[in-house]
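This report refers to the structure that appears directly beneath it.
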Amino acid sequence: LADVSTPQTLAGKKVLLTAGATFEAIDPVRGITNISSGQMGLALARACRAAGAEVTLIYGQVQAPIPAGLAQAVQAVSAEAMYAAVHRHIGRQDIFIAVAAVADYKVKNSHAQKLKKDLSGSPPLIELAENPDILASVAALPQPPFCVGFAAESERVLEYARIKRAKKNIPMLVANQVAQAMGKDSNQVTILDQHGETALPHMSKADTATAIVAHLAGLLV
Ligand code: CTP
Ligand code: CA
């Protein structure tokens, strides 16, 4: 059902989102992950839904409930699984919003059985291999949906974000400072697009998501 209190700015649009942290297994009980809680991605899924969109969510590890009323919600925990799930659904989408904190590297020599401390004389060596870049791969499709990316930076936020937007060739990028964003309930973001840079106030992730959706809808008209 439509949310009557929110302008239906994404009515008739199909939106695919990624959210949360990915997890790269070292062995059956251990892995490499990050501090993303999934809250920003889930808030955006909710905001897109409230704006009338048909929302498909691909999520990794999240520490908040999956919103109700989504067309589909699929868990994909490793970066490769998330890449595959996104490409299974991307064909029919109008908009792709990449919010997930995707591991840049996976464990090359992951073990099928639990590593045993007593059997190895020295600490095990963990070798890494590069993961596919999901957002860049979607943006490079022959007929890509409208792509929105996030940039999580710990320093030189806008400088790195500008480079990221150009390199991945995406029309809209949301930049945030990791210390202000990841694992927090609130956020302060700056939106970069063809017209320039828009700094939003520091506010709850729900309000940030509503403002991002309003900005996105404005770019689509
Ligand atoms: N992203 C993705 N797949 C990856 C890595 C990142 O889809 N394998 C997406 C994220 O969801 C985000 C954007 O790309 O929307 C930027 O992610 P970020 O980690 O900030 O940038 P990277 O390009 O990975 O660069 P770096 O980590 O070196 O800053
Ligand atoms: Ca990265």
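Extending 7 Å from the Cα toward the beta-carbon at both LEU219 and ALA112 defines two label points whose distance is 4.5 nm. From the Kirkwood radius over Cα pairs of the chain, Stokes-Einstein at 20 °C and 1.002 mPa s returns a whole-number translational diffusion coefficient of 119 µm²/s.
The helix-based estimate of mean residue ellipticity at 222 nm for the chain, built from -39,500 (n - 2.57) per DSSP H run of four or more residues and divided by its residue count, is -8000 deg cm²/dmol to the nearest 500. Cross-link check: pairs LYS106/LYS168; LYS106/LYS184; LYS114/LYS164; LYS13/LYS108 evaluated at a Cα-Cα cut-off of 32 Å; pairs beyond the cut-off: LYS114/LYS164; LYS13/LYS108. Hydrophobic, long helices, defined as DSSP H runs whose alpha-carbon span along the helix axis is 20 Å or greater and whose mean Kyte-Doolittle value is at least -1.0, occur in the chain at 205-220. A simple count of charges around ALA151, restricted to other residues whose Cβ falls under 15 Å of its Cβ and scoring Lys, Arg +1 and Asp, Glu -1, yields -1. On a per residue basis, the range 1-125 carries 51 Å² of accessible surface, using protein heavy atoms and a 1.4 Å probe. VAL107 exposes around 10 Å² of accessible area when a 1.4 Å probe is run over every protein chain in place.
To the nearest 0.05, what FRET efficiency results for LEU128 and GLU197 with a Förster distance of 41 Å applied to their C-beta separation? Computed FRET efficiency for LEU128 and GLU197 comes out at 0.75.
Scoring 199-205, 180-186 by mean Cβ neighbours within 10 Å over their residues and listing the highest first yields 180-186, 199-205. Split the accessible area of the chain by element, probe 1.4 Å, and carbon with sulfur accounts for 53%. When all protein chains stay in place and ligands, DNA and RNA are ignored, the 1.4 Å accessible-area order of HIS195, HIS215, largest first, is HIS195, HIS215. Residues TYR160, TYR105 ordered from highest to lowest accessible area at a 1.4 Å probe: TYR105, TYR160.
This model, with +1 at the C-beta of Lys and Arg and -1 at the C-beta of Asp and Glu, gives the chain a dipole about its Cα centre of some 280 debye. Taking a straight Cα-Cα cut-off under 15 Å and skipping sequence neighbours fewer than 8 places away in the same chain, the aspartates and glutamates within cross-link reach of LYS14 are GLU54, ASP94. Summary value for the range 50-124: 24 percent relative contact order, contacts being C-alpha pairs under 8 angstrom separated by 6+ residues. Most simply put, the chain has about 40% antiparallel DSSP beta bridges, counting only bridges with both residues inside it.
Ordering THR18, THR198, THR210 by accessible surface, largest first, gives THR210, THR198, THR18; the 1.4 Å probe counts only protein heavy atoms, with every chain in place.
The values are calculated or read from the model by the stated rules, or taken from the named source; none is laboratory data. Since this is a predicted model, take the numbers as computed values, not measurements. A quick note on method: Cβ atoms are made from the backbone with ideal geometry, for glycine too, and the neighbour counts reach across all protein chains shown. We work out accessible area using only protein heavy atoms, side chains counted, and drop any ligands, DNA or RNA first. Shrake-Rupley method; radii C 1.70, N 1.55, O 1.52, S 1.80 Å.
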